[in-house]
Amino acid sequence: MKQIHLIAPSGASLDASTPLLGIEWLKQQGLEVLNTACVCRVDQRFAGTDVERLAEMNQLAHLSPDVAVVAMRGGYGLHRLLPDIEWEAIAKAINSGLQICGHSDFTVFQLGMLAKTGAITLAGPMLNYDFASQGEQGAALNPNVFMWDHFQAAIKQRKVDCTVKTPQSYLRMSSAGKASGLLWGGNLTVLAGLIGTPYLPGNKQTQGGILFLEDVNEHPYRIERMLMQLLDAGILANQSAILLGGFSAYRLYDNDRGYTLESAINAISKRLPGNIPLLSGLPFGHQVDKLTLPVGAQANVQYDAAGFTIHSEW
């Protein structure tokens with residue numbers, strides 16, 4: 001990996017300095033950073049007009065296979081572009097070696113690519129949050145070492161290998177075991193919003209899969225409601241394992257009266273078939289500790305009450 005090609009397909013940057021800090025840090029690692037002008041685009045809340053952002057996405061089909069593509073940030077905006085994305089052309093570039101990485105709103109592209117072509121994309125770090133951390137006085141902070149190491153392993157070696165040492169509270173019929181299947185998922189809000197559309201992989205494609213989920217700024221009752229939607233749509237019971245990443249930056253209220261995120265997950269766990277492990281603590285989401293996960297690759301999970309391991313090569 002010698003070059004990072006930036007894209008800004010969703011929201012505009014919330015401030016001008018953050019992406020510049022990320023670009024500078026990547027350059028300090030000896031990387032050439034391409035398409036940096038995209039971080040300055042603004043049209044309403046978006047990082048450019050629909051036409052500009054769509055053209056940038058479709059240009060991915062013509063990039064060198066040696067380039068790693070990284071999204072600037074999430075927010076919202078990619079959903080507008082889905083009908084006109086050149087899925088097959090971009091998939092051809094991916095299958096020739098191009099790797100494309102992002103999370104949050106970028107989930108909609110990753111799931112659309114998987115549904116339309118089966119091509120593998122990377123759920124992982126983005127420029128603004130992961131490569132451009134700032135301290136209280138605005139000074140640049142070094143990006144998270146765990147995130148950077150796993151990002152490099154994904155880009156250079158095309159593998160993820162991680163042990164999660166978190167006690168597992170939601171195991172039922174099987175307190176230990178293993179699961180193998182198609183690794184897929186991403187942001188829960190985005191995924192739930194794709195149900196009933198051609199951009200969500202179907203139950204046949206994801207049968208026996210390993211589904212990973214995360215979200216941010218969503219109260220636990222909203223998390224529960226979306227998980228119930230996935231459950232009632234037949235998605236959760238169709239998996240061999242479900243991995244829960246970070247669900248962060250929400251606020252509980254007095255009228256919750258003890259209702260917590262754990263309460264929400266317990267309600268889902270009780271309705272799941274008991275042989276499907278619901279595993280928590282996956283280092284992925286809107287957090288500094290972040291794996292880079294191959295959406296659409298085969299993966300293996302081994303688990304017990306003390307934690308789990310996840311491994312994939314693609």
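The values are calculated or read from the model by the stated rules, or taken from the named source; none is laboratory data. Everything numeric here is computed off the predicted structure, so don't read it as measured data. Quick reminder, even Gly has a Cβ in these numbers, built from the backbone with ideal geometry, and neighbours come from all protein chains shown. Just so you know, the surface numbers come from the protein's heavy atoms only, side chains and all, with ligands and any DNA or RNA stripped out. Shrake-Rupley method; radii C 1.70, N 1.55, O 1.52, S 1.80 Å.
In sequence order, region 183-198 has phi-based couplings of 7, 7, x, x, 6, 5, 4, 5, 4, 4, x, 9, 4, x, 10, x Hz under the Karplus curve 6.51 cos²θ - 1.76 cosθ + 1.60, θ = phi - 60°, and Gly or Pro positions carry x.
Sequence neighbours fewer than 8 away in the same chain don't count; with that in mind, list the aspartates and glutamates whose C-alpha is under 18 Å from LYS159. Cα-Cα hits under 18 Å: ASP66, ASP149, ASP289, GLU313. Close amide H contacts of PHE247 (hydrogens built in the peptide plane, cut-off under 5 Å, sequence separation of 5 or more or a different chain): ASP215. Electrostatic bookkeeping for VAL145 treats Lys and Arg as +1 and Asp and Glu as -1; over the other residues with beta carbon under 13 Å from its beta carbon, the sum is -2. Rolling a 1.4 angstrom probe over the protein heavy atoms with all chains in place gives region 72-174 an accessible area of 43 Å² per residue. Relative to the dominant Cα principal axis of the chain, helix 220-232 is inclined by about 80°.
Of ILE120, ILE210, ILE85, the residue with the greatest mean-square motion in the GNM of the chain, using alpha carbon springs below 10 Å, is ILE85. Taking 21 Å as the cut-off for C-alpha to C-alpha distance, list the pairs among LYS204/LYS270; LYS116/LYS204; LYS2/LYS156 that go past it. Table pairs above 21 Å Cα-Cα are LYS204/LYS270.
Springs between Cα atoms under 10 Å define the GNM used for the chain, and in it the highest mean-square fluctuation of ALA16, ALA71, ALA55 occurs at ALA16. Karplus-based coupling profile of region 32-48, in residue order and whole Hz: 8, 10, 9, 6, 5, 4, 5, 6, 9, 6, 9, 9, 6, 8, 9, 8, x, with θ = phi - 60° in 6.51 cos²θ - 1.76 cosθ + 1.60 and x standing for Gly or Pro. Sites count as exposed loop sites when they are trypsin sites (Lys or Arg not before Pro), lie in a DSSP loop, and have at most 13 other Cβ atoms within 10 angstrom; the longest stretch of the chain without one is 46-164. Once the Cβ-Cβ distance of ASP161 and ALA37 is raised to the sixth power relative to R0 = 45 Å, the FRET efficiency obtained is 0.80. Among GLY186, GLY258, GLY48, which one shows the highest mean-square fluctuation when the chain is modelled as a Gaussian network with alpha-carbon springs under 10 Å? Result: GLY258 has the largest fluctuation of those listed. Proximity of backbone amide H atoms, modeled 1.01 Å from N, is registered between ALA297 and LEU183 at under 5 Å, excluding neighbours fewer than 5 places apart on the same chain.
Residue-wise HN-Hα couplings along region 200-216, as the Karplus relation 6.51 cos²θ - 1.76 cosθ + 1.60 with θ = phi - 60° gives them from phi, are 10, x, x, 4, 5, 5, 9, 4, x, x, 10, 9, 10, 9, 8, 6, 9 Hz; Gly and Pro carry x. Applying the criteria of a DSSP loop state and at most 15 other Cβ atoms within 10 Å to the GluC sites (Glu not before Pro) of region 1-106 yields GLU86. Here the gap between ARG80 and MET173, fully extended at 0.36 nm per residue and compared with their Cα-Cα distance, gives a gain of 29.2 nm. At q = 0.10, 0.13, 0.22 Å⁻¹, what log₁₀ I(q)/I(0) does a Debye calculation on the Cα points of region 52-148 give, no solvent, two decimals? With no solvent term, the Cα-only Debye profile gives -0.29, -0.48, -1.14. Only protein atoms count toward the accessible area here, which uses a 1.4 Å probe; on region 1-126, the carbon and sulfur part of that area reaches 49 percent.
Distance distribution note for region 154-210: the fraction of Cα pairs above 19 angstrom is 53%. Treat each spin label as a single point 7 Å out from the Cα along the C-beta direction, and report the GLN59 to ARG225 distance in nm. Between GLN59 and ARG225, the label points sit 3.9 nm apart.
Between ARG271 and ASN203, the distance separating the two model label sites (each 7 Å from Cα on the Cα→Cβ line) works out to 1.5 nm.
Recomputing Cα extents along the principal axes in Å from the coordinates shown identifies the correct label among (1) 52, 44, 39; (2) 58, 48, 38; (3) 52, 44, 34 as (3).
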